[in-house]
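**Q** One structure is given below, represented as structure tokens, and several questions about it will come after.
The values are calculated or read from the model by the stated rules, or taken from the named source; none is laboratory data. Here the structure is a predicted model, which is why all the values come from computation and not from measurement. We place every Cβ from the backbone using ideal geometry, glycine too, and count neighbours over all the protein chains shown.
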Amino acid sequence: MNTKAPATLLLLAFACLSDAPGPARAGAAPSPAPSNLPGSEYPRLEPNLGVTFRLKAPEAKAVKLEGGAGLSKEPTDFTRGQDGIWTLTTPPAVPGFHYYWFNVDGVRVNDAASQAYFGYGRECSGIEIPEAGADYYAARPEIPHGEVRSHWYYSKVTGRWRRAHVYTPPGYDKSGTRFPVLYLQHGAGENERGWIEQGRANFILDNLIGAKRARPMLLVIDTGYAAYASGVSASATATSTNLSNRIASATAAFEEVMLKEIIPMIDANYRTKPDRLHRAMAGLSMGSMQTLNLTLRHLAQFAWIGGMSSPPRTGFDVATAYDGVFRDAGAFNKQVRLLWLGAGTAETRFHASTVSVHEALERAGIKNVFYSSPGTDHEWQTWRRSLYDFVPRLF
């Protein structure tokens with residue numbers, strides 16, 4: 001690594017995310033959620049994976065739970081006790097990570113007893129629901145661990161400081177080896193924190209590499225929000241009456257930042273194998289859209305491509321999509337080592353659209369892999385499972 005580069009490298013201490021970074025086990029007795037602040041008894045996981053929430057708000061007139069689809073599909077009312085403590089126990093929740101917040105008399109407030117995570121374009125409370133038998137995203141003590149570094153750099157394209165999280169595999173500093181790179185993108189309303197804090201991508205790679213199911217690699221996670229210096233603020237909350245226009249404005253410079261700044265910076269500062277055969281890109285939702293738009297139009301830069309929960313699309317035409325990149329199936333199959341598409345069965349529109357695209361590509365002779373996550377919605381358990389399936393296929 002070039003120690004003369006102006007960027008500052010910091011080792012992130014993610015142990016503060018919870019007392020036990022791995023997913024907790026469902027037990028016979030109620031227990032605090034692993035995503036609670038230390039010492040907080042609530043939110044509490046019930047034996048059936050329902051969740052009991054409590055909020056002291058003696059002056060409130062109404063309190064509702066809102067948030068992720070796997071936890072609360074619709075706003076759900078709390079019950080007020082005589083002591084002014086509001087309580088709610090949910091039905092069994094879908095395993096995985098869920099954003100949530102309280103609506104108190106029409107005002108959204110976070111749960112002071114829970115960790116906060118960046119989602120929905122703001123800081124939200126979050127809760128981890130254990131999945132029985134799933135330890136692939138746990139911080140396992142018997143497995144060597146890589147490091148997650150915070151790499152700050154000034155972007156001339158956006159006129160702003162930006163931060164990339166860079167995972168280096170176990171033994172990186174001592175090995176002297178060069179590594180392939182996976183660039184991994186978050187979804188709308190999230191940022192570069194998501195894949196580490198919510199997705200546990202570093203632990204997923206640790207476990208796959210430790211089990212020799214995946215090649216050691218670098219993982220680079222940057223924000224997908226990138227507006228030109230003369231444009232709107234590169235933020236998930238940029239003002240616009242239309243969500244699509246808002247995202248388009250706030251991400252307009254992303255391709256240029258990726259190709260002209262991020263990739264050259266990573267190749268210059270880390271021991272990479274700086275060629276397309278050792279460079280992959282994947283993303284979820286908005287990040288999937290960005291990945292497909294960028295990689296399929298720049299195959300000279302990427303040979304491994306993954307789209308998780310791509311935004312639903314109608315009228316997909318193999319002959320014209322992505323500037324006609326699929327028109328010559330033989331040439332495409334020779335150039336692209338992996339085209340991976342996936343979605344959760346409970347994110348109905350995303351899943352149906354992904355199946356439709358997969359089947360259209362199959363009919364056209366385009367080699368691709370389809371992955372289906374059973375029972376999960378447009379949430380992090382779908383994307384954790386997706387990454388766990390995608391990474392072993394790389395390089």
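**Q** If we only count helices (runs of 4 or more DSSP H) wholly inside the range 143-247, which ones have 1 or more residues that are in contact with a strand residue (DSSP E or B) (Cβ under 6 Å, 6 or more places away or on another chain), assigned by TED's automatic domain parsing to the domain that holds MET265 and modelled with pLDDT of 95 or more?
**A** Values: elements: 172-175, 194-197, 201-210.
The qualifying helices (runs of 4 or more DSSP H) are 194-197, 201-210.
**Q** Would you confirm whether or not the range 82-91 contains a residue that is of a type in the set (A, V, I, L, M), outside the structural domain of ARG160 (by TED's automatic domain parsing), more than 26 Å from the chain's Cα centre (by Cα) and modelled with pLDDT of 55 or more? Don't jump to the end; show me each part of the working.
**A** First, pick out the residues of the range 82-91 that are of a type in the set (A, V, I, L, M): 85, 88.
Next, only the ones that are outside the structural domain of ARG160 (by TED's automatic domain parsing) stay: 85, 88.
Still in the list and also more than 26 Å from the chain's Cα centre (by Cα): 85, 88.
If we keep only those that are modelled with pLDDT of 55 or more too, we end up with 85, 88.
Within the range 82-91, one or more residues are of a type in the set (A, V, I, L, M), outside the structural domain of ARG160 (by TED's automatic domain parsing), more than 26 Å from the chain's Cα centre (by Cα) and modelled with pLDDT of 55 or more.
**Q** To continue, here is another question. Counting only residues that are of a type in the set (S, T, N, Q) and assigned to a loop (DSSP other than H, G, I, E, B), which one in the range 38-78 is nearest to PHE102 (Cα to Cα)?
**A** SER72
**Q** Considering only residues that are of a type in the set (Ser, Thr, Tyr) and over 18 Å from GLU46 (Cβ atoms), which ones fall in the range 64-118?
**A** Going through the range 64-118, the residues of a type in the set (Ser, Thr, Tyr) turn out to be 72, 76, 79, 87, 89-90, 99-100, 114, 117.
If the condition is that a residue be of a type in the set (Ser, Thr, Tyr) and over 18 Å from GLU46 (Cβ atoms), then TYR99, TYR117 are the ones that fit.
**Q** Turning to a different aspect of this structure: Among residues belonging to the range 84-116 that are in a strand (DSSP E or B) and of a type in the set (S, T, N, Q), point out the one that is surrounded by the most Cβ atoms within 10 Å (Cβ to Cβ). Before the answer, list the steps.
**A** Narrowing the range 84-116 to residues in a strand (DSSP E or B): 85-89, 96-104, 107-109, 114, 116.
The next check asks that each one be of a type in the set (S, T, N, Q); those that pass are 87, 89, 103, 114.
On the way: THR87: 14, THR89: 16, ASN103: 18, SER114: 22.
Here the answer is SER114.
**Q** Anything in the range 181-215 that is buried (at least 20 other Cβ atoms within 10 Å of the Cβ) and farther than 17 Å from GLY283 by Cα? List them, or say none.
**A** Within the range 181-215, PHE203, ASP206, ASN207, LEU208, ILE209, ALA214 qualify.
**Q** Within the range 21-41, does at least one residue satisfy the condition of being surrounded by fewer than 18 Cβ atoms within 10 Å (Cβ to Cβ), more than 30 Å from GLU142 (Cβ to Cβ) and at pLDDT below 95?
**A** Checked against the condition, which is being surrounded by fewer than 18 Cβ atoms within 10 Å (Cβ to Cβ), more than 30 Å from GLU142 (Cβ to Cβ) and at pLDDT below 95, the range 21-41 yields no hits at all.
**Q** While we're here: Within the range 291-310, how many residues turn out to be in contact with an Asp or Glu (Cβ under 9 Å, 6 or more places away or on another chain) and buried (at least 23 other Cβ atoms within 10 Å of the Cβ)?
**A** 1
**Q** Please give the number of the condition GLY375 fails out of (1) of a type outside the set (A, V, I, L, M); (2) under 19 Å from ALA201 (Cβ atoms); (3) touching a strand residue (DSSP E or B) at 6+ places or on another chain (Cβ under 8 Å).
**A** (2)
**Q** Of the numbered conditions (1) closer than 27 Å to ILE209 by Cβ; (2) assigned to a loop (DSSP other than H, G, I, E, B), SER386 fails exactly one; give the number of that condition.
**A** (2)
**Q** Identify all residues within the range 117-142 that are free of Cβ contacts under 8 Å to residues at least 24 places away in the same chain and assigned to a strand (DSSP E or B); write none if there are none.
**A** Residue satisfying the conditions is GLU123 alone.
**Q** Which residue pairs have Cβ atoms closer than 9 Å, lie 6 or more positions apart in sequence or on different chains, and pair a first residue in the range 46-57 that is in contact (Cβ under 8 Å) with a residue 60 or more places away in the chain with a second residue that is small (Gly, Ala, Ser) and surrounded by 17 or more Cβ atoms within 10 Å (Cβ to Cβ)?
**A** Here the result reads LEU49/ALA26; LEU49/ALA93; VAL51/ALA33; VAL51/ALA93, each pair linking the range 46-57 to a residue that is small (Gly, Ala, Ser) and surrounded by 17 or more Cβ atoms within 10 Å (Cβ to Cβ).
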